[in-house]
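Structure first, then comments.
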Amino acid sequence: MVPTHAASHSGRGVAVSLIASVLFAVIFLMAGLLPGWGAQEIFGWRVVLTLATLAVILPFLPWARTESITLFSRVRRRPTLLLPGVLAAGIVGVQLWLFMWAPLNNMALSVSFGYFLLPLTMVLAGRVFFADKLNPLRKLAVAAAVVGVAHEAFSANGLAWPTLVVCLGYPVYFVLRRKIGFDNLPAFAAELLMMLPLGVYFILAGPHGIGSGAGIGSGAVEGAGSGGLWVAISIGVLGGLAMAFYLLASKWLPLSLFGLLSYVEPVLLVGVSILLGETLGWSSLLTYGPIMLALVLLGVDGRRSALPGTPGRPGRP
């Protein structure tokens, strides 16, 4: 029998993962509704305001102060830890930019498919680096997902580069953070701090930023009316909340279950892509049908994992 505290972490991990997926889909939609904006400028606002949001959130988390002190102490004792930290910041920075770029450049479906592939690559990473085990329901979910992903890759004659950046980049990011013990919110805030100069530069250089003289509510904001800058600001704030929930889920769940739950987000992103004008053919049913089956199996497994005394539930990583 798994201890009760493990069940608590598993249940909370599933909940915050689902909330994060919904918030990311909202951000994806909002970015696609700013066609007069460049991805770099939206990225800049997201970096600055996500960091500001975390600065407000972290003091209210009782464990954040301890993790921040531990993080600072470890880096002070071993300055070489800054090197993998910079690498992690670079990887997640590319992901944040791509998430803003894709819906503005008719590549939303390609990025969405990258998130469909991500759980499979995360499961592989969990098995290889952390010896995560899969119970029968998760094995069935993986098998169903493999069928859908294989059909999509075959019918599309390969995978687009945004797809590969997502499905190969994020596993490296999460494995790296967990291996060096930086899998916490203060570490993510530190990564954003490293990106802050670039984010500020993109804001100042952008046509709607402070440097352009276009203030909040200015008619110079294109593609979203006078509320365009407010949309960009909202993306940054929601980005902070979404990443907080997402990284909490990565900490509370085994890497394999965390990766499998990531299927919720691409389902929502596909819906957003269709709302933004991209289309899917009938053959896509052979891709998304098996993946939806995988989601159903995960829902059953997630419910069992949250119940105390359920055999075979994962413990906290």
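Laboratory data are not the source of any read-out in this text; all were calculated from the coordinates shown. The shown structure was predicted, so the numbers you read here are calculated from the model rather than taken from an experiment. No Cβ is skipped: glycine too gets one built from the backbone with ideal geometry, and neighbour counts run over all protein chains shown.
Structure notes:
- 3J(HN,Hα) from dihedral phi, the stretch 18-35, Karplus parametrisation 6.51/-1.76/1.60, rounded to Hz, x for glycine, proline: 5, 4, 4, 4, 5, 5, 5, 5, 5, 4, 4, 5, 4, 5, x, 8, 10, x
- When the convex hull of its Cα atoms is viewed from all sides, the stretch 126-183 shows a mean projected area of 5.0 nm².
- Computed lengthening from residue 201 to residue 280, 0.36 nm per intervening residue step minus Cα-Cα distance: 24.7 nm
- Those aspartates and glutamates that a straight Cα-Cα span of less than 18 Å connects to residue 179, excepting residues fewer than 8 apart in one chain: 67, 132, 191
- A protection proxy built from the mean count of other Cβ atoms within 10 Å ranks the segments 87-95, 15-23, most packed first, as 15-23, 87-95.
- Quarter the surface of the alpha carbon convex hull of the stretch 1-90 and you get the mean projected area, 8.8 square nanometres.
- Protection proxy ranking of 242-249, 260-267, by the mean of other Cβ atoms within 10 Å over each peptide's residues and highest first, is 260-267, 242-249.
- Across the stretch 56-105, the fraction of Cα-Cα pairs farther apart than 13 Å, rounded to a whole number, is 70%.
- Computed over the stretch 36-156, the quotient of the alpha carbon radius of gyration and 2.2 N^0.38 Å is 1.40.
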